[in-house]
1. Between Asn148 and Ser54, what length comes free when the chain is fully extended (0.36 nm per residue of separation minus the Cα-Cα distance, one decimal in nm)?
2. How large are Rg and Dmax for the range 70-143 when only the alpha carbon atoms are used, in Å?
3. For the chain, what does -39500 (n - 2.57) per DSSP helix run (n ≥ 4), summed and divided by total residues, give at 222 nm, in deg cm²/dmol to the nearest 500?
4. For the pairs Lys77/Lys149; Lys74/Lys120; Lys85/Lys138, flag any whose C-alpha to C-alpha distance is greater than 29 Å.
5. Just to verify a number: what accessible area does Asp5 come out at with the full protein assembly present, 1.4 Å probe, Å² rounded to tens?
6. Within the P(r) computed for the chain, what percentage of the Cα pairs occupies the region above 24 Å?
7. Assuming R0 = 25 Å, can you tell me the calculated FRET efficiency for the pair Asp81 and Ser26, based on Cβ-Cβ distance, to the nearest 0.05?
8. At 10 °C and 1.306 mPa s, what whole-number value in µm²/s does Stokes-Einstein give for the translational diffusion of the range 25-122, with Rh from the Kirkwood sum over Cα pairs?
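The values are calculated or read from the model by the stated rules, or taken from the named source; none is laboratory data. These numbers come from a predicted model, not from an experiment. In this analysis, Cβ positions are derived from the backbone assuming ideal geometry, glycine residues included, and neighbour counts consider all displayed protein chains. Ligands, DNA and RNA are stripped out before the accessible areas are found, and what is left, the full protein with its side chains, is counted by its heavy atoms. Shrake-Rupley method; radii C 1.70, N 1.55, O 1.52, S 1.80 Å.
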Amino acid sequence: RVVTDGDTMIVCDVSKIEQQIKLPLSTLVKDWKLLKLENTSKEALVLPAYIYPSENYILIHPVEFNRGAMLFDKTGKYLFDIGRKGNGPGEIVTHMSYIAMDEDNDCVYIRDHKPSRILKYRLSTGEYLAEIPLAYPKAFDFILNPKNKSLIVTNPPHHRIEQGIPWVWEQDFQGNILQEL
């Protein structure tokens, strides 16, 4: 335990760990597949920041801020980008912060870092559909509930303390708060 400015933290010195266990991948997942993504075209060459797999697609959030999310099919074939950098309708102003896919309703939701909103696109075509305003400006991640058209949005604790923003809230697709904590 280390106390700094009155706060207690538990610190682990990895070099002092004496016992190690080997944890087989099979204890964490029941089925997996190594898939090579297409990288033969200029459009498909990218360094991924995050990878979002679903039943039929793989969506890559690239490290590059100058492009949209990259959609691949389940065989690894590059299909197209969803969204793009810009200031127009459906364009990502700064960079993507989080992505959610809803295959049942053929939609992709991308959180634009600023001006704190979620952009909705058609998954099968990449077509821009709508903008969902966020109730508070410093949203981090979100969980999509497409059945009742709502989001549960989380917020880093340091933003909540500094700006009086709740740590977590539920809102509808129009930006109206349903509940908050």
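1. Result: 31.7 nm gained on full extension.
2. Over the range 70-143's Cα set, Rg and Dmax evaluate to 12.1, 38 Å.
3. Calculated at 222 nm, the ellipticity per residue is -1000 deg cm²/dmol.
4. Too far apart for the 29 Å limit: Lys77/Lys149.
5. Counting only protein heavy atoms, the figure is 150 Å².
6. Cα-Cα pairs of the chain separated by over 24 Å account for 50 percent.
7. 0.10
8. 112 µm²/s
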